[in-house]
Amino acid sequence: QVQLVESGGGLVQAGGSLRLSCAGSGRTFGDYTMGWFRQAPGKEREFVSAISPSGGSTYYADSVKGRFTISRDNAKNTVSLQMNSLKPEDTAVYYCARRGNSGSQYYPLSYTYWGQGTQVTVSS
């Protein structure tokens, strides 16, 4: 059974930074694309960022491009999201997810395993 556990969320002022981490279980962590999604109250879950199995390709939503950076350490089974220049509209629960064997990295339905989420709140 694959488990994903996020950490690093919290309350920060606008313009500040946070670093989210996701620890995964299983020996095949490095075989899969990993993604970050977020969901604000009353809104659908939306794509934030994804990283290929090797880490050689990264993908970002337009709303976070230039501010967020995704990275992974396959030796430690971790994927991280460095979030800088945070804005109040970044407030949401952030989820780490492991993509399955098919489907676009941009769509939640392409991911088969999800963490429990971590709250990020950006105050103005």
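What residue, among those in the stretch 46-63 that are out of contact with any Phe, Trp or Tyr (no Cβ under 9 Å at 6 or more places or on another chain) and not small (Gly, Ala, Ser), is nearest to residue 99 (Cα to Cα)?
58
Residue under question is residue 66, and the condition is that it be more than 18 Å from residue 19 (Cα to Cα) and either open to solvent by 60 Å² or more (accessible area, probe 1.4 Å) or β-branched (Val, Ile, Thr) (or both); does it hold?
no
Residues that are within 11 Å of the chain's Cα centre (by Cα) and free of Cβ contacts under 8 Å to residues at least 40 places away in the same chain, at least 1 per element: which strands (runs of 3 or more DSSP E) completely within the stretch 1-106 meet that?
Values: elements: 4-7, 10-13, 18-24, 34-39, 46-51, 58-60, 68-73, 78-83, 92-99.
Per the criteria, 46-51, 58-60, 68-73.
Being more than 20 Å from residue 9 (Cα to Cα) and in contact with a strand residue (DSSP E or B) (Cβ under 7 Å, 6 or more places away or on another chain) is the filter here; which residues of the stretch 90-106 pass it?
99, 100, 105, 106
Here are some conditions: (1) out of contact with any Ser or Thr (no Cβ under 7 Å at 6 or more places or on another chain); (2) farther than 18 Å from residue 114 by Cβ. Residue 67 meets all but one. Which one does it not meet?
Here residue 67 meets the rest and fails (1).
Quick one: count up the residues across the stretch 1-41 that are modelled with pLDDT under 95 and within 19 Å of residue 121 (Cα to Cα).
Looking only at that region, the number is 1.
Need the failing condition index for residue 51 against (1) more than 20 Å from residue 1 (Cβ to Cβ); (2) open to solvent by 20 Å² or more (accessible area, probe 1.4 Å), just the number.
(2)
Kindly provide the set of residues from the stretch 1-45 that are surrounded by 14 or more Cβ atoms within 10 Å (Cβ to Cβ) and out of contact with any strand residue (DSSP E or B) (no Cβ under 6 Å at 6 or more places or on another chain), ordered by number.
Hits for the stretch 1-45 are 16, 26, 29, 30.
The values are calculated or read from the model by the stated rules, or taken from the named source; none is laboratory data. Quantities reported herein were computed from a predicted structural model and do not represent experimental measurements. Neighbour counts run over all protein chains shown; Cβ positions are idealised from the backbone, glycine included. We work out accessible area using only protein heavy atoms, side chains counted, and drop any ligands, DNA or RNA first. Shrake-Rupley method; radii C 1.70, N 1.55, O 1.52, S 1.80 Å.
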